[in-house]
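A.B. asks: Once you've had a glance at the structure underneath, I'll fire off some questions.
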């Protein structure tokens, strides 16, 4: 009898001990989101990534976004290279060791995706922009619409072969039936910044750039400014001005590239991009 009671007592003690252990395990505090995020940042270590981005993103990236990202991820250094999306596409195809690509058009991103150069599941259509018709500030030009661009003696446009802003400009002007008539007046730039600089310096009487570029030129503190005289209406274009971002498939720093892409989609990063004149694509 005593043996049976002793055995029963020991069994109950073991059950109680097990319950206590389980209870203490369940009550252990789970890692907070902030702690998990901090651990993820710490795991990235000391790395440098290269971001290849459209020229129209340079100011927002260099002035605010990259410094903010590097402050949040102290072990990661971001280097940016900026040019027309078409040139960057070619450079990536030819071996540029970029980790992240952000284009000013879906055309270049789609081409790289189809070639397997960009990881498809990382592509996000993040931003939208507008193209605008500009003239030098203080100009006595009577040009006030895209239809009247032919009245300019000289016109600066991005090269449609490689510059998305030029491709959008060609589409809009073709739809307005003025593209063919202005060819003897056009100077083609290799990126949208060249176009902007030509008009700001009054080397061209008119030009077509992104709304964000015109805004930046008028707030950068130099004495060269441009005046926006018209904004392209949606009816003038079949192709929306979308900026996609994605990770290069051959990147050796995919975790860091993902962290940068995720950062661009945070509210604080979107606020900076909106301040620069971009619309966040829904």
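A.B. asks: Sort out which residues of segment 93-110 are surrounded by fewer than 18 Cβ atoms within 10 Å (Cβ to Cβ) and in contact with a helix residue (DSSP H, G or I) (Cβ under 9 Å, 6 or more places away or on another chain), and write them in order of number.
C.D. replies: Within segment 93-110, 93, 96, 107 qualify.
A.B. asks: Mind listing whichever residues of segment 193-211 are touching a helix residue (DSSP H, G or I) at 6+ places or on another chain (Cβ under 6 Å) and under 22 Å from residue 144 (Cβ atoms)?
C.D. replies: Hits for segment 193-211 are 196, 200, 204, 206, 207, 208, 209, 210.
A.B. asks: I would also like to ask the following. Give segment 209-229 a look and list any residue that's surrounded by fewer than 19 Cβ atoms within 10 Å (Cβ to Cβ) and at pLDDT 90 or above, or say none.
C.D. replies: 227, 228
A.B. asks: Test residue 79 against the criterion of being assigned to a helix (DSSP H, G or I), without any contact (Cβ under 8 Å) to a residue 40 or more places away in the chain and exposed (fewer than 15 other Cβ atoms within 10 Å of the Cβ), and give yes or no.
C.D. replies: No.
A.B. asks: Out of all the residues in segment 243-274, which are in contact (Cβ under 8 Å) with a residue 24 or more places away in the chain and closer than 25 Å to residue 215 by Cβ?
C.D. replies: Result: 243, 244, 245, 260, 261, 263, 264, 265, 268, 269, 272, 273.
A.B. asks: Which is outside any strand (DSSP E or B) and under 23 Å from residue 274 (Cα atoms), of 202, 214?
C.D. replies: Every option except 214 fails the conditions.
The values are calculated or read from the model by the stated rules, or taken from the named source; none is laboratory data. The shown structure was predicted, so the numbers you read here are calculated from the model rather than taken from an experiment. Every residue, glycine among them, receives a Cβ derived from its backbone with ideal geometry; neighbour counts consider all protein chains shown.
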